[in-house]
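The values are calculated or read from the model by the stated rules, or taken from the named source; none is laboratory data. Because the structure is a prediction, the values reported are computed rather than measured. Cβ atoms come from the backbone with ideal geometry, glycine included; neighbour counts cover every protein chain shown.
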Amino acid sequence: MRDRSKTEAETITLYRPTGPQELALVRESGWSAWPPRLPEQPIFYPVTSEAYAEQIARDWNSTGAAAEFSGYVTRFHVRAAFLGRYDVQTVGSSRHREYWIPAEELDELNRNIVGPIEVIAEYRNGQRHSTE
């Protein structure tokens with residue numbers, strides 16, 4: 001018989017590149033939840049690798065005025081049982097892998113985050129800065 005408590009505690013580590021506005025909302029949540037999507041954002045898409053998240057934060061977020069020339073890489077852990085209902089999507093090259101979580105299921109994703117959402121990298125104007 002499989003130990004149920006161990007199964008429920010199994011997590012998958014995900015990453016999310018984000019800008020300062022979304023990061024401020026995560027901070028307001030006590031580092032525990034992602035904010036609701038805007039109407040033009042029907043999908044929440046965390047990525048599966050730190051390198052891919054860094055690429056987006058560095059090359060996209062930190063080079064645009066919309067994100068105040070700042071990009072952040074966050075890391076968080078989600079119960080594997082919850083993520084099991086979603087396929088990993090490959091976009092572009094084989095290293096560009098992400099989950100597509102419908103906006104209406106974001107609250108449920110948030111309930112399945114284990115531990116805090118952490119900022120692990122910061123980029124400004126395409127350059128990495130210390131997060132300490």
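General remarks:
- Hits in the stretch 89-104 - residues which are out of contact with any Phe, Trp or Tyr (no Cβ under 6 Å at 6 or more places or on another chain), modelled with pLDDT of 95 or more and under 12 Å from Tyr45 (Cα atoms): Thr90, Arg97, Pro102, Ala103
- A search for C-beta distances below 7 Å between a residue of the stretch 28-55 that is over 17 Å from Arg79 (Cα atoms) and touching a residue at least 24 places away in the same chain (Cβ under 8 Å) and any residue that is surrounded by 15 or more Cβ atoms within 10 Å (Cβ to Cβ) and hydroxyl-bearing (Ser, Thr, Tyr), counting only pairs 6+ apart in sequence or on different chains, returns Glu50/Tyr15; Ala53/Tyr15.
- Here Asn61 passes the criteria (1) touching a Pro at 6+ places or on another chain (Cβ under 7 Å); (2) within 22 Å of Thr11 (Cβ to Cβ) except the one numbered (2).
- Any chance Ile117 is part of a helix (DSSP H, G or I), of a type in the set (Val, Ile, Thr) and either touching a Pro at 6+ places or on another chain (Cβ under 7 Å) or within 12 Å of Leu14 (Cβ to Cβ) (or both): no
- Of the residues making up the stretch 93-112, those that are under 15 Å from Leu14 (Cβ atoms), in contact with a Lys or Arg (Cβ under 8 Å, 6 or more places away or on another chain) and either of a type outside the set (S, T, N, Q) or part of a strand (DSSP E or B) (or both) number 1.
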